[in-house]
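Q: My questions will all concern the structure given below.
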Amino acid sequence: MKPENYSQRQEQVGPWKINIISYKLGDKYLCTVDNVQPGANLARGEGATKEEAERVTVSKAKEMLSKTRTFKA
């Protein structure tokens, strides 16, 4: 199988930039969200449509980032 409908974009979630990568593989859409700096994967998900896969995965990533502690220098 080859990936189809590949797309990549960036969004801002609070103080963090995230990359959202989605593509179709077979009959389902897959999505991965990573933070731009340092590029670590935050969440992965899948869905019947691209929008569903992105919604689920971005929601997981936002939940994870909301638990991240930040310190003022």
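The values are calculated or read from the model by the stated rules, or taken from the named source; none is laboratory data. Keep in mind that this is a model prediction, so the values were computed, not measured. Virtual Cβ from ideal backbone geometry, glycine too; neighbours counted across all protein chains shown.
Q: In the set Ala48, Ala43, which member is touching a strand residue (DSSP E or B) at 6+ places or on another chain (Cβ under 9 Å) and surrounded by 11 or more Cβ atoms within 10 Å (Cβ to Cβ)?
A: Ala43
Q: Let me ask something else. Only residues that are among the hydrophobic types (A, V, I, L, M, F, W, C) and within 25 Å of Glu4 (Cβ to Cβ): list them for the stretch 37-73, please.
A: Leu42, Ala43, Ala48, Ala53, Val56, Val58, Ala61
Q: May I ask you to list pairs of residues, at least six apart or on different chains, whose Cβ atoms are under 7 Å apart, with the first in the stretch 44-73 being at pLDDT 90 or above and the second being part of a helix (DSSP H, G or I)?
A: Arg44/Thr57; Gly45/Ala53; Gly45/Val56; Gly45/Thr57; Gly45/Lys60; Glu46/Ala53; Gly47/Ala53; Gly47/Val56
Q: State all residues of the stretch 1-27 that are closer than 11 Å to Lys62 by Cα and over 13 Å from the mean Cα position of the chain (by Cα); if no residue qualifies, say none.
A: Gly14
Q: Taking interchain pairs and intrachain pairs at least six residues apart, which have beta carbon atoms under 9 angstrom, with the first residue in the stretch 17-28 and over 24 Å from Met64 (Cβ atoms) and the second loosely packed, with under 13 Cβ neighbours inside 10 Å and charged (D, E, K, R)?
A: Within 9 Å, the pairs are Lys24/Glu4.
Q: Name the residue, out of Lys17, Lys60, that is touching a Lys or Arg at 6+ places or on another chain (Cβ under 9 Å) and of a type in the set (Lys, Arg).
A: Lys60
Q: Looking at the stretch 33-73, which of the residues that are in a helix (DSSP H, G or I) and either of a type in the set (Phe, Trp, Tyr) or in contact with a Leu (Cβ under 8 Å, 6 or more places away or on another chain) (or both) is nearest to Pro15 (Cα to Cα)?
A: Looking at the filtered set, the residue picked out is Leu65.
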